[in-house]
Amino acid sequence: MKADLIDESKDAAETGSMAELLEHYLPTCQVKRGQVVQGTIIRVSPQEIVVDIGAKCEGTVLNREIEKMDPLDVADLQPGSEVTAYVINPDGPGGAIVLSMARAQQEEGWRRAEALLKSKKSIKLEVISANRGGLIVRVGSVRGFVPASQLDPRRRIPRISDTGCHDALSDVVGSQMELQVIEVDRERNRLILSERTVLGQRRAEEAESLLDKLKEGDVCQGRISNLTHFGAFVDLGGLDGLLHLSEISWRPVGHPNDMFQLGQEIEVVVINVDRERQQVALSLKRLESDPWVNIDQRYKVGQTVEGRITRLTKWGAFARIVGDEAIEGLIHISELDEARVAHPRDAVRTGEVHMLRVVRIEADRHRMALSLKQAKAEEQAGTDWKSDYESSQEPPLEGSMAAALNEAMQE
């Protein structure tokens, strides 16, 4: 009995020693389903590719997985080649480890796409094809889609419903594009990229840099990027500045459309920079000579001029001098008629042309006061403005009329 126990103990010790030897001399790499591993090709045949992945047994890429690969890639595979493989089944038939090189490429593509989505870094890719809705690219072996709506607007791709959309998209095939991953969904096999997002980030960086450099008085080249009823937006190279309607010209401008077209290149001067709000105010008219600078050489108090009524306010009517439309003056309500006028529309209408008398000039403030009733009285009396002016100049405006002029000109 005692001898039997000794024999059993001896057998157990020998078995343990053998197991330890096997563990010591055989590879101990453990693989799991879905793992991506590196290996070296041992043998290549039409039926299988045998790969040493450092496990206790070799891995095998079966024929059905070889057929999923690009034939040109398969032709390049030779014993000794280093490859990446995806573990389909760590315990396949006969204990073999079943691998896929095609799925490994897919996995690498998805991982790269996810990393790009997280980092928000851009990537340059070649457009491989186009369909009705956009462009097809590849991140590794994963197909990505760039919707037409996510392309640079400057490409001027027509709407998807337009028959010319597909032709315009096809023209881009074969070119390189800088894109950013904006959506990754493995379950739906969905990878979306955008060119517009890259441009948006770049413009934000350029805008910040430009704001640091711009200062009042700088003359810049720009491109008309948008037109509104209140002015035009000018792209200064990453930052849009506002060219207000009142800063377009010394002459009246009804709408920016009358002066500009989208994409038109113009030269403007910076008149204000608000770095906190990231806003830049621009002017075009200040690049021209100010028509009010030498106004005293063209007009005198007491002179009669021809003026066109441009707008009406509660204080009176504004009129621009015919032939010199850069100069606009105010006809105070008390200067419209000898009789009391309740509202300027009771005496004049917009667009009418009247003979008016200059009663005050403030060149430094770009202001002129005009009188309709004095011009009418002068015409009726048949007097000449020059002799009348030389004999008796008008005193400066005071009191309510001067105050009205100040407030009305600010409206």
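The values are calculated or read from the model by the stated rules, or taken from the named source; none is laboratory data. Everything numeric here is computed off the predicted structure, so don't read it as measured data. For neighbour counting, all protein chains shown are included, and Cβ atoms are generated from backbone atoms with ideal geometry for every residue, glycine included.
Can we say LEU210 is aliphatic (A, V, I, L, M) and either in the same structural domain as GLY133 (by TED's automatic domain parsing) or not in a helix (DSSP H, G or I) (or both)? When the stated conditions are applied, LEU210 does not pass them. Scanning the stretch 100-145 for residues that are over 27 Å from ASP73 (Cα atoms), in contact (Cβ under 8 Å) with a residue 40 or more places away in the chain and surrounded by 15 or more Cβ atoms within 10 Å (Cβ to Cβ) yields LEU117, SER122. Residues that are out of contact with any strand residue (DSSP E or B) (no Cβ under 6 Å at 6 or more places or on another chain), over 22 Å from GLN201 (Cα atoms) and assigned to a strand (DSSP E or B) within the stretch 88-142 comprise ALA130, ARG138, listed in sequence order.
Note on the stretch 187-224: among residues that are closer than 17 Å to SER283 by Cβ and within 14 Å of the chain's Cα centre (by Cα), the one that is surrounded by the most Cβ atoms within 10 Å (Cβ to Cβ) is ILE224.
Please find, within the stretch 54-82, the residue that is nearest to GLY109 (Cα to Cα) out of those that are touching a Ser or Thr at 6+ places or on another chain (Cβ under 8 Å) and not in a helix (DSSP H, G or I). Filtering first and then ranking leaves LYS68. Evaluating LEU227 against the criteria (1) surrounded by 15 or more Cβ atoms within 10 Å (Cβ to Cβ); (2) within 30 Å of GLY109 (Cβ to Cβ) leaves one unmet condition, (2).
Restricting ALA319, ALA347, ALA342 to those that are more than 26 Å from GLY231 (Cβ to Cβ), crowded, with 19+ Cβ neighbours inside 10 Å and not assigned by TED's automatic domain parsing to the domain that holds GLU247 reduces the list to ALA347. Only one of the numbered conditions (1) over 25 Å from the mean Cα position of the chain (by Cα); (2) in a helix (DSSP H, G or I); (3) under 30 Å from LEU262 (Cα atoms) is violated by THR163, and that is (2). Filtered by the rule that a residue be surrounded by fewer than 18 Cβ atoms within 10 Å (Cβ to Cβ), under 20 Å from ASP212 (Cα atoms) and at pLDDT below 90, the stretch 233-273 gives GLY237, GLY238. Scanning the stretch 356-371 for residues that are out of contact with any Ser or Thr (no Cβ under 7 Å at 6 or more places or on another chain) and part of a strand (DSSP E or B) yields VAL358, ARG360, ILE361, GLU362, ARG367, MET368, ALA369, LEU370, SER371. Kindly check whether there is at least one residue in the stretch 84-91 that is free of Cβ contacts under 8 Å to residues at least 40 places away in the same chain and buried (at least 16 other Cβ atoms within 10 Å of the Cβ). No.
Considering the stretch 290-306, the residues that are charged (D, E, K, R) and touching a residue at least 40 places away in the same chain (Cβ under 8 Å) include one that is surrounded by the fewest Cβ atoms within 10 Å (Cβ to Cβ), namely ASP296.
State yes or no: is ILE309 touching a residue at least 24 places away in the same chain (Cβ under 8 Å) and buried (at least 20 other Cβ atoms within 10 Å of the Cβ)? So ILE309 passes the test.
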